[in-house]
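Undergrad: Below you will find the structure I want to go over with you.
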Amino acid sequence: MVPPCRAVSRTGHPALRSKPVWQSIVKRSERCRSSPSPRLRRVDKPTLADVARAAGVHPGTASRALNPALVGRISPETTARVQQAAERLGYVPDPLGRSLRTSRTHTIGVVIPDLGNPVFAPIVRGIEDQLRERGFEPLLASTDNSAERERDVVGVLRTRRCDGFIVASAGRGEGVVHDLVDAGVPLVLVNRLVDGVDVSAVVSDDAVGIGAAIEHLAALGHRRIGHIGGPLQISVSATRLAAFTNAVASDVGGAGVIEHATDYTIEAGRVAMTALLAREQVTAVFAANDLLAVGGYEALAAQGLRCPDDVSVVGFNNMELTAHLNPSLSTVSMPQYEMGRTAAKLVLDRLAESDGASQTVALPTVFVPRASTCQARA
């Protein structure tokens, strides 16, 4: 016998007739959505006003105390109190907001010719350290010693709204440097000079160190001294050539033997030394930078000549590698790190005082004698 059918409510199962469980579940779900989990609750970031209130100063005072570009404007005691309050609250300045208020990005474009040249690493480090102490950041670009690429990278950096530029120009008469000056962009040259433009520059006093190097060679009895110069379109090549020529004329009484390399690289130095040795029997060679001198070592070895017994060699820059060569390289030391710091200081000073006069700062060089020079052979 078939049991009678039981009535079923619209909710479906008979058990749901007395208590609509599904409705309770929906209501609980809605309550969960309207009450977010504490883990997802937004925590307000501390503001400059919070820092000022905690330090007991005006918000403008707090802003100046936290701005590295305004060092010295606020007393050390107040600055310390504001910085401690900011650290305690976890306050982080908003660089975008600052740039909108001041129309500055607090960035400086740094343009160098060759990232592979060890001479520029300490220069860039000096620039970076000085800029960061004043609340600025460098934007670095390399030109590969190309005037066309230099124009391109400067154009890109200008679209980034850099507040100023530090440039080691690819050439002596570069139009891009003239363009920056004409546009009123704060600019400083480092380890370079550009013809026909009134702009601040930081260079090394090459004549002093080169004069000491030639005097050292003359004292060792060298009279036939050669010079491996760099490409003449680069200002330091012309400067060092002039210093070499003057020193040889003064200390030796001759003109010297000159061979120009096509680039400041080891390979270019090897080629130039090979060409120089084919022209003249020299007893000493001064190279316009240390990489050229290393190439000179290779050329001497390839011809069965010994340094310094057959040919003494002197470089320029005092790169870190020079003390570890065999033989260790006599060289002229230039203060690369200080050159970078000085260039950064000059461009920031120009930002603070846009109508200040341009200046050229020549930092001292020192001759460092090592094992690559000895008494001239008879």
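The values are calculated or read from the model by the stated rules, or taken from the named source; none is laboratory data. Source: prediction; values computed, not measured. Heads up, the Cβs are rebuilt from the backbone with ideal geometry, glycines too, and the neighbour counts pull from every protein chain shown.
Undergrad: Taking G356, is it over 25 Å from V282 (Cβ atoms) and in a loop (DSSP other than H, G, I, E, B)?
TA: Values: over 25 Å from V282 (Cβ atoms): yes; in a loop (DSSP other than H, G, I, E, B): yes.
Here the answer is yes, as G356 does meet what is asked.
Undergrad: Of (1) among the charged types (D, E, K, R); (2) within 23 Å of the chain's Cα centre (by Cα); (3) surrounded by 17 or more Cβ atoms within 10 Å (Cβ to Cβ), R240 satisfies all except one. Which?
TA: Failing condition for R240: (2).
Undergrad: Filter segment 260-277 down to the residues that are over 21 Å from G209 (Cβ atoms) and either touching a Pro at 6+ places or on another chain (Cβ under 6 Å) or not in a helix (DSSP H, G or I) (or both) and list them by number.
TA: T262, D263, T265
Undergrad: Sort out which residues of segment 105-120 are part of a loop (DSSP other than H, G, I, E, B) and either out of contact with any Gly (no Cβ under 9 Å at 6 or more places or on another chain) or farther than 19 Å from R350 by Cα (or both), and write them in order of number.
TA: Matches in segment 105-120: T105, P113, D114, L115, G116, N117, P118, V119.
Undergrad: Residues that are in contact with a Ser or Thr (Cβ under 8 Å, 6 or more places away or on another chain), farther than 15 Å from V311 by Cα and among the hydrophobic types (A, V, I, L, M, F, W, C): does segment 259-268 have at least one?
TA: As a first pass, look at segment 259-268 and keep what is in contact with a Ser or Thr (Cβ under 8 Å, 6 or more places away or on another chain): 260, 268.
Adding the requirement that they be farther than 15 Å from V311 by Cα leaves 260, 268.
Add one more test, that the residue is among the hydrophobic types (A, V, I, L, M, F, W, C), and what stays is 268.
So far as segment 259-268 goes, yes, one or more of its residues are in contact with a Ser or Thr (Cβ under 8 Å, 6 or more places away or on another chain), farther than 15 Å from V311 by Cα and among the hydrophobic types (A, V, I, L, M, F, W, C).
Undergrad: Hey, another quick one. Do you know which residues across segment 336-378 are within 20 Å of S200 (Cα to Cα), surrounded by 19 or more Cβ atoms within 10 Å (Cβ to Cβ) and not small (G, A, S)?
TA: Q336, M339, R341, T342, K345, L346, V347, L348, R350, T365
Undergrad: Considering (1) at pLDDT 95 or above; (2) more than 26 Å from S235 (Cα to Cα); (3) not polar (S, T, N, Q), say which one A352 fails and leave the rest.
TA: With respect to (1) at pLDDT 95 or above; (2) more than 26 Å from S235 (Cα to Cα); (3) not polar (S, T, N, Q), A352 is out only on (1).
Undergrad: Have a look at G196, G254 and point out the one that is touching a Gly at 6+ places or on another chain (Cβ under 8 Å), over 25 Å from A121 (Cα atoms) and not polar (S, T, N, Q).
TA: Being touching a Gly at 6+ places or on another chain (Cβ under 8 Å), over 25 Å from A121 (Cα atoms) and not polar (S, T, N, Q) holds for just one of G196, G254, which is G196.
Undergrad: Right, another one. Which condition from (1) in contact with a helix residue (DSSP H, G or I) (Cβ under 9 Å, 6 or more places away or on another chain); (2) at pLDDT below 95; (3) under 23 Å from A183 (Cα atoms) is the one that G164 breaks?
TA: If we test G164 against (1) in contact with a helix residue (DSSP H, G or I) (Cβ under 9 Å, 6 or more places away or on another chain); (2) at pLDDT below 95; (3) under 23 Å from A183 (Cα atoms), just (2) comes out false.
Undergrad: Tell me whether segment 27-46 contains one or more residues that are out of contact with any helix residue (DSSP H, G or I) (no Cβ under 6 Å at 6 or more places or on another chain), surrounded by 11 or more Cβ atoms within 10 Å (Cβ to Cβ) and either at pLDDT below 50 or under 25 Å from R134 (Cβ atoms) (or both).
TA: No, every residue in segment 27-46 fails to be out of contact with any helix residue (DSSP H, G or I) (no Cβ under 6 Å at 6 or more places or on another chain), surrounded by 11 or more Cβ atoms within 10 Å (Cβ to Cβ) and either at pLDDT below 50 or under 25 Å from R134 (Cβ atoms) (or both).
Undergrad: Scan segment 254-274 and give yes if some residue there is surrounded by fewer than 21 Cβ atoms within 10 Å (Cβ to Cβ), farther than 24 Å from L115 by Cβ, in contact (Cβ under 8 Å) with a residue 40 or more places away in the chain and not aromatic (F, W, Y), otherwise no.
TA: Within segment 254-274, not a single residue is surrounded by fewer than 21 Cβ atoms within 10 Å (Cβ to Cβ), farther than 24 Å from L115 by Cβ, in contact (Cβ under 8 Å) with a residue 40 or more places away in the chain and not aromatic (F, W, Y).
Undergrad: How about segment 121-145: which of its residues are polar (S, T, N, Q) and part of a loop (DSSP other than H, G, I, E, B)? Don't jump to the end; show me each part of the working.
TA: Initially, segment 121-145 is screened for residues polar (S, T, N, Q), giving 130, 142-143, 145.
Scanning segment 121-145 gives T143, N145.
Undergrad: Next question. Tally the residues that are loosely packed, with under 15 Cβ neighbours inside 10 Å and not aliphatic (A, V, I, L, M), restricting the search to segment 138-160.
TA: 7
Undergrad: Follow-up question, since we're still on this one. Give the residues of segment 67-104 that are part of a loop (DSSP other than H, G, I, E, B) and at pLDDT below 80, sorted by residue number. Full working, then the answer.
TA: Initially, segment 67-104 is screened for residues part of a loop (DSSP other than H, G, I, E, B), giving 67, 71-75, 90-94, 103-104.
Residues satisfying the conditions are N67, V71, G72, R73, V92, P93, D94, S103.
Undergrad: Could you grab me the full set of residues in segment 294-315 that are closer than 18 Å to T365 by Cα and small (G, A, S)?
TA: If the condition is that a residue be closer than 18 Å to T365 by Cα and small (G, A, S), then G315 is the only one that fits.
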